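The values are calculated or read from the model by the stated rules, or taken from the named source; none is laboratory data. Because the structure is predicted, anything quoted here is derived from the model rather than measured. All Cβ positions, glycine included, derive from the backbone under ideal geometry; neighbour counts span all protein chains shown. These area figures cover heavy atoms from the full protein model, side chains too; ligands, DNA and RNA do not enter into them. Shrake-Rupley method; radii C 1.70, N 1.55, O 1.52, S 1.80 Å.
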Amino acid sequence: MSVNVSFFGNMPDGKEVRLFTIKNSNGIILQVITLGATLQALYTPDKYGRVNDITVGFDSLYGHLNFTDYQGKVVGRYANRIANGSFMMNGKKVQLTQNEKGKTCLHSAGEFSNAVWDAEPVGDNAVVLSYTSPDGASGFDGKMDAKVKYTLTEDNKVEIEYSAVSDKDTVINFTNHTYFNLSGSAMSDVLGHVLKLNAKKFTPTDEDSIPTGQLRSVFNTPFDFTNPTSIGKRIHDRDAQLVMCRGYDHNFCLDHVDGEADAVVYEPVSGRQLKVYTDLPGVQLYTGNFLDGTIIGKGGIPLIQHAGFCLETQYYPDTPNHPDFPQCTFKAGEEYKSKTTFEINVF
Ligand code: BGC
């Protein structure tokens, strides 16, 4: 195996963005760029041995800077939304940047995703990226040192390990926002992909995509992926939650079944399968609902609605305002650690 480092582009202020390329001996290639600690590409063979990139995003820095909807990016320090951009911490109100409709805080206003991280290769199959977020950034308390390690293994796994420490009490919730299309191209949408999600409950949302607080059973709803079901089978149902979000954009409460992946996605034409494992309590299934063909992705292909799906492993959205959800408040000096693995197979 090997890790290669090359130039990817220059930021508007001249800062260099680097590209790390890691290959294993089965023909899998993982690429990571230092802007946003982004998973830039993941090349994998299909059932005929043809190698394609199974991520949807941009070929160059220009796309990442001008069109991004978080394609491939690491999101922190708090992924997804916080209602009214505020919550209480140690009896004091924390007011965050309200970057969505002037109301909610989405993806911490992009701070970690838009930063150029430091990075260095580790051994012959990993890269570690680090970023320090200043105290008060996007309104969060505490200077935070964060690290993300990407490893490609010989058994075709991409492991993403996150760690972070803040010098003040704060909430911490990292994710990776890769859009996958297992067909190997964004020419067709992902509605024919078959998904199994080990989640008997999900968190329905209000009109601002904030969880209502209910943990709703998926049974007899279009949210039931406990048996393998195509993403498109019920996506156009007249279900109030689906209509409001134009598709799936919901957090599922993971059951963490011993010996099983938390999510499995299969694309029948290419034969590619993606398994997702995480130690986090939730995953956001987002089916690229707001893509509408106006932004141009890799290979000059317009990103149409549902061109990719995301499985963003996470604490539930708006956790700081829901004492009943699994909590993600970390004390000053207390380490946040988590791991998500994407495993690639072909059948
Ligand atoms: C959110 C979507 C949002 C997308 C891109 C997802 O995590 O749940 O609502 O459109 O990220 O920002």
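With all protein chains present, how much of the accessible area of segment 48-120 (probe radius 1.4 Å) comes from carbon and sulfur, to the nearest whole percent?
Ligands and nucleic acids excluded, carbon and sulfur give 46 percent.
Report the gain in length on full extension from Asp279 to Asp118: 0.36 nm times residue separation, minus Cα-Cα distance, nm rounded to one decimal.
In short, 55.4 nm is gained.
Students often forget the sequence filter, so: which aspartates and glutamates lie under 13 Å Cα-Cα from Lys147 once same-chain residues fewer than 8 apart are removed?
Asp118, Glu120, Glu161, Glu335
In terms of the Cα gyration tensor, with a ≥ b ≥ c the square roots of its eigenvalues, is segment 204-257 rounded because a/c is under 1.5, prolate because a/b exceeds b/c, or oblate?
Oblate.
State the extension gain, in nm to one decimal, for the chain segment bounded by Lys233 and Phe219, taking 0.36 nm per residue of separation less the distance between their alpha-carbons.
3.5 nm is the gain from fully extending Lys233 to Phe219.
Heavy atoms of the protein only, probe of 1.4 Å, neighbouring chains included. What is the accessible area of Asp135 in Å², nearest 10?
80 Å²
Rounded, prolate or oblate: which fits segment 193-325, taking a ≥ b ≥ c as square roots of the Cα gyration tensor eigenvalues, rounded meaning a/c under 1.5, else prolate when a/b beats b/c?
It is oblate, given that a/c is not under 1.5 and a/b is not larger than b/c.
Compute the accessible area per residue over segment 194-236, keeping the other protein chains in place, probe 1.4 Å, unit Å².
45 Å²
Per the 1.4 Å probe, what fraction of the accessible area of segment 283-347, in percent, lies on carbon and sulfur atoms?
Heavy-atom surface of segment 283-347 belonging to carbon and sulfur, 1.4 Å probe: 56 percent.
Could you provide, to the nearest whole Å², the per residue accessible area of segment 283-347 with probe 1.4 Å?
38 Å²
Grab the Cα-Cα distance for Ser25 and Gln95, subtract it from 0.36 nm times how many residues apart they are, and report the gain in nm with one decimal.
Full extension of this stretch gives 20.3 nm more.
Say the cut-off is 23 Å between C-alpha atoms; which of Lys200/Lys233; Lys103/Lys339; Lys298/Lys337; Lys73/Lys93; Lys201/Lys275 go over it?
Violating the 23 Å limit, Cα to Cα: Lys103/Lys339; Lys298/Lys337; Lys73/Lys93.
Which value in deg cm²/dmol, rounded to the nearest 500, describes the helix-derived mean residue ellipticity at 222 nm for the chain, given -39,500 (n - 2.57) per DSSP H run of n ≥ 4 and division by the residue count?
-1000 deg cm²/dmol
May I ask you to give the solvent-accessible area per residue for segment 11-166, in square angstrom, as obtained with a 1.4 angstrom probe?
On a per-residue basis, 38 Å².
Between Asp169 and Leu191, with labels modelled 7 Å along Cα→Cβ, what's the label distance in nm to one decimal, could you check?
4.8 nm
Quantify, in whole percent, the carbon and sulfur part of the accessible surface of segment 153-246 (1.4 Å probe; protein heavy atoms only).
48 percent
Straight distance only, please: which lysines reach the Cα of Lys331 with their own Cα at less than 16 Å, same-chain residues fewer than 8 apart left out?
The reachable lysines, counting only those whose Cα sits under 16 Å from Lys331, are Lys92, Lys143, Lys168.
Expressed as a whole number of Å, what is the distance separating the alpha-carbon centroids of segment 33-53 and segment 69-112?
Their Cα centres are 29 Å away from one another.
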